[in-house]
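Here is the structure we will look at, set down as structure tokens.
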Amino acid sequence: MNTLGFAILGLLARRPLSGYRVAQLMREPIGFFWNAGHAQIHGTLRKLVEAGWAEYRTEPGPGPHDKKLYSATAAGRAALAEWAASPLPTPQPHDELLLRVYNGWLADPDTMRDMLTAEIERREASLAHYLAVQAEFEADGTPTDPRSTRFVDYATVLNGIGSERNVLDWLRWLVTKLRG
């Protein structure tokens with residue numbers, strides 16, 4: 001199973017979901033660190049069922065067709081647990097921002113600075129969103145049980161905050177250097 005399969009299986013292990021709801025959750029919160037399109041999601045749901053890692057039941061849908069509610073099977077939960085704790089493969093970096101900066105010496109400094117300033121604005125909005133989610137968690141009491149979904153959700157938000165702050169510091173430094 002590919003990583004997308006495990007991302008979807010992680011959602012299904014939390015609660016039964018329709019394919020539509022899986023797609024929504026793949027945008028947020030999973031979209032902060034992994035993404036996929038509708039066709040990939042539905043194809044992966046089919047593969048999870050074929051592998052015996054997910055199953056579905058049908059319910060009356062809002063339209064003329066029944067909707068499928070998918071959930072992880074015991075075998076799927078076991079596979080997900082094994083995958084989650086397995087060693088990571090050597091990461092293959094794909095960072096378009098860094099690639100653009102690496103080649104930015106050829107670009108007009110003002111144009112490059114404008115692009116980086118727009119990226120700063122986008123990252124600041126992302127950081128503000130993460131901070132709002134962190135505040136929601138903490139208003140309900142900071143999660144402390146590492147075996148709970150609430151704890152791991154909180155942990156991923158903290159990672160997002162740290163990552164965005166780090167990139168923002170670097171981007172601001174670059175913009176000041178481009179001002180000369």
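The values are calculated or read from the model by the stated rules, or taken from the named source; none is laboratory data. The structure presented is a predicted model; accordingly, all values stated were derived computationally and were not measured. Don't worry about glycine lacking a Cβ; one is built from the backbone with ideal geometry, like all the others, and counts go over all protein chains shown. Quick note on the areas: whole protein, heavy atoms, side chains included, nothing else; ligands and nucleic acids left out. Shrake-Rupley method; radii C 1.70, N 1.55, O 1.52, S 1.80 Å.
Side notes on the structure shown:
- Length gained on full extension, Leu88 to Val152, computed as 0.36 nm times the residue gap minus the Cα-Cα distance: 21.3 nm.
- Only helices enter this figure: runs of n ≥ 4 DSSP H residues, each worth -39500 (n - 2.57), summed and divided by the residues of the chain, yield -21000 deg cm²/dmol at 222 nm to the nearest 500.
- Just so you know, the Cα atoms of the chain work out to an Rg and Dmax of 20.1, 63 Å.
- With Rh defined as the Kirkwood radius, the inverse of the mean 1/r over Cα pairs, the Rg/Rh of the range 109-180 is 1.17.
- Shape call, the range 62-107: gyration tensor on alpha carbons, a/c limit 1.5: oblate
- P(r), alpha carbons of the range 39-83 - 10 Å bins starting at zero, rounded %: 27, 45, 23, 5
- Solvent-accessible surface (1.4 angstrom probe) belonging to Trp83, in square angstrom, nearest 10: 100
- Cα→Cβ-extended label distance, 7 Å offset, between Glu121 and Leu106, nm: 2.7
- Length gained on full extension, Asn35 to Glu96, computed as 0.36 nm times the residue gap minus the Cα-Cα distance: 20.4 nm.
- In terms of the mean number of neighbouring beta-carbon atoms within 10 Å, the peptides 20-30, 115-125 order highest first as 20-30, 115-125.
- Rounded to the nearest 10 degrees, the angle from helix 38-50 to the longest Cα principal axis of the chain is 40 degrees.
- Taking one quarter of the surface of the convex hull spanned by the alpha-carbon atoms of the range 17-110 gives a direction-averaged projected area of 10.0 nm².
- When you count the other C-beta atoms within 10 angstrom of each residue and take the mean per peptide, 128-134, 59-65 line up highest first as 128-134, 59-65.
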